[in-house]
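The values are calculated or read from the model by the stated rules, or taken from the named source; none is laboratory data. For clarity, every value in this text was computed on a predicted model and none was experimentally measured. Reconstructed Cβ throughout: ideal geometry from the backbone, glycine too, with neighbour counts over all protein chains shown. The protein model used for the area step is the full one, side chains on, heavy atoms only, and it has no ligands, DNA or RNA in it. Shrake-Rupley method; radii C 1.70, N 1.55, O 1.52, S 1.80 Å.
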Amino acid sequence: MLFNQPNYKDFKFSWTLMPRSQKESDNLNSIIKAFRKNMMPDVQGAGAQSILMDYPMIVKPQFKPNDNYMFKFKYCAILDINVDYTGAGMPAFFPSNAPAAVKLDIHLKEIDLWMRSDLM
């Protein structure tokens, strides 16, 4: 076996979320919008004439309430999110037109390599 180069860790998470109230639907919508917004790059400077781009936001996931028994993360970039508004297998909506079930998939990639000394 040859060691060519280290690899950045890749993570894919998937949740099926079922809000129980209008407030939970609104919160879920805000979370989805925040993921979408923060995975996109931005332009530097004012106006559409700018050619320099800023990096997307970086996140540091954590398991809550206690991550002592789970693995830890380094800082990650959000590579992709996928939102399926038919999370229950078929379209279902509340009277407010909010989806009754949403399947949310998130793909993250760490931007820093893990070293043996990180685990000590």
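Numerical summary
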{"item": "Most mobile listed residue (Lys109, Lys23, Lys74) in the chain, GNM with C-alpha springs under 10 Å", "result": "Lys23"}
{"item": "Solvent-accessible surface (1.4 angstrom probe) belonging to Ile51, in square angstrom, nearest 10", "result": "150"}
{"item": "Only Lys, Arg (+1) and Asp, Glu (-1) charged, at Cβ; the stretch 80-119 dipole about Cα centre in debye", "result": "140"}
{"item": "Candidate residues Thr86, Thr16: accessible-area rank, largest first, probe 1.4 Å", "result": "Thr16, Thr86"}
{"item": "Translational D in µm²/s for the stretch 53-120 (Stokes-Einstein at 20 °C, 1.002 mPa s, Kirkwood Rh from C-alpha pairs)", "result": "142"}
{"item": "Length gained when the stretch Phe94-Asn4 is fully extended (0.36 nm per residue, less Cα-Cα span)", "result": "27.1 nm"}
{"item": "Rg over Rh, two decimals, the chain (C-alpha only, Kirkwood Rh)", "result": "1.07"}
{"item": "For Glu24, solvent-accessible area (1.4 Å; no DNA, RNA or ligand), Å²", "result": "60"}
{"item": "Solvent-accessible heavy-atom area per residue, rounded to whole Å², over the chain at 1.4 Å", "result": "80"}
{"item": "Sites Ile81 and Arg20 - FRET efficiency at Förster radius 22 Å, r taken between beta-carbons, to 0.05", "result": "0.45"}
{"item": "In degrees, nearest ten, helix 22-38 long axis to first principal axis of the chain (Cα)", "result": "40"}
{"item": "Computed P(r) (all Cα pairs; the stretch 7-70; 5 Å bins; percent)", "result": "3, 11, 13, 18, 18, 15, 10, 7, 4, 1"}
{"item": "Met115 paired with Ile58, simple spin-label distance in nm, labels 7 Å along Cα-to-beta-carbon", "result": "1.6"}
{"item": "Whole-percent carbon and sulfur share, accessible surface of the stretch 1-50, 1.4 Å", "result": "54"}
{"item": "Of Asn66, Ala101, Asn38, farthest towards positive along the dipole that unit charges on Lys, Arg, Asp, Glu beta carbons give the chain", "result": "Asn66"}
{"item": "The chain, dipole about Cα centre (Lys/Arg Cβ +1, Asp/Glu Cβ -1), debye to the nearest 20", "result": "240"}
